[in-house]
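The structure appears right after this line, and notes come after that.
The values are calculated or read from the model by the stated rules, or taken from the named source; none is laboratory data. Remember, it's a predicted structure, so these values are computed and weren't measured experimentally. Cβ atoms come from the backbone with ideal geometry, glycine included; neighbour counts cover every protein chain shown.
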Amino acid sequence: MDSTLYGFCVNNAVNKWDYLGNQTQEEKLIADSAMDAVIRAEREAFARANSYTLSNGFQVDRSDVTFSYVAGNADLDGLIHGSASLFTVDSSSMAVAPNSAGGSALGNALSNIPLIGGVLGGVGNIISGVGNVVLGAVTGNGATVSTGFSQIGNGGGSVITGSLNLAGKVWNSPNTAIGLTLGVVGWALGGSAPTIGNNAIQFGNNPILAPSFMPAGLTLGNAINYAPGYTPNITPRGQLNTVGQHEIQHTYQGEITGPLYIPLNLLGKGIGLLINGDAEGSANFMEKGSYSYPARPWPWK
């Protein structure tokens, strides 16, 4: 490997500081040890100057020399990349800033968990907020306290909306069971393996939907099946929304109507046939919103 490029591999254990790759391995190890000692001394001086106790949680991120608090980090001298910081402190001004608008990196990470991410993300933001309020109170930093309360408020809202979202999926679960059955059968017949997206478990290339009279996508509960030749990102001819953008609206409908979703769909198709001569026509109140641009669950905005 070219030595210069090798030197820029910052995560290489012997190239933490020699970005140009000019030192020998022995020189690099010596330089690393010396730099570690410098950083340790700077951290201890910083902590003493700001009335901090060197205990579980404080570390120096060598990439930008900012101080971070990492949940559960007992290694004061090591770098732990990939850990979810509860908050980040700018060492020049001691101003504490949230990792996202009113949220936190911990909350953001937990919110990516399927199904219950909304609730867990909110809990993570609350934990982060409490940490910031306590830190701000101890250090007399009003900005830190303000950030903490913002995170707590954001977390409380996320817990409420996440709980409602979870309740909707439970309410929609009878429909989801049917959609999953259709998807698994299609998968066994040669369709694509399931993926997560568009508020649903998705099955592509389902041969059950191959006949021409079948739709490009069929949503039952929080399960979407796509006909062969269609994917969530394809925009059918004459339409403005992708198939995925259309079908996700039906998942929202199901989370509201629950077991009534299928009867209401059949009713909407009947009305469309009677008024428009088309089951998917504009008179079908279950389809009009999803065919609108931008797509929405219902005909009204």
Exercise. Within the stretch 144-163, can one find any residue that is out of contact with any Gly (no Cβ under 8 Å at 6 or more places or on another chain) and surrounded by fewer than 14 Cβ atoms within 10 Å (Cβ to Cβ)?
Worked result: no
Exercise. Of all the residues that make up the stretch 173-205, how many are under 16 Å from GLY217 (Cβ atoms), assigned to a helix (DSSP H, G or I) and of a type in the set (Gly, Ala, Ser)?
Worked result: 3
For this session: Restrict the check to the stretch 276-296 and report whether at least one residue is at pLDDT below 95, hydroxyl-bearing (Ser, Thr, Tyr), under 15 Å from ASN199 (Cβ atoms) and part of a helix (DSSP H, G or I).
Result: yes
For this session: Within the stretch 228-287, count every residue that is basic (Lys, Arg) and either surrounded by 14 or more Cβ atoms within 10 Å (Cβ to Cβ) or within 23 Å of GLY186 (Cα to Cα) (or both).
Result: 1
Exercise. Which one is surrounded by the fewest Cβ atoms within 10 Å (Cβ to Cβ) among residues in the stretch 119-143 that are in contact with a strand residue (DSSP E or B) (Cβ under 8 Å, 6 or more places away or on another chain) and of a type in the set (A, V, I, L, M, F, W, C)?
Worked result: ALA143
For this session: Quickly run through the stretch 231-272 and pick out the residues that are in contact (Cβ under 8 Å) with a residue 24 or more places away in the chain and not in a helix (DSSP H, G or I).
Result: THR231, PRO232, GLN239, LEU240, ASN241
Exercise. Somewhere in the stretch 244-254, is a residue of a type in the set (A, V, I, L, M, F, W, C), at pLDDT 95 or above, in the same structural domain as ALA200 (by TED's automatic domain parsing) and farther than 22 Å from THR231 by Cβ?
Worked result: no
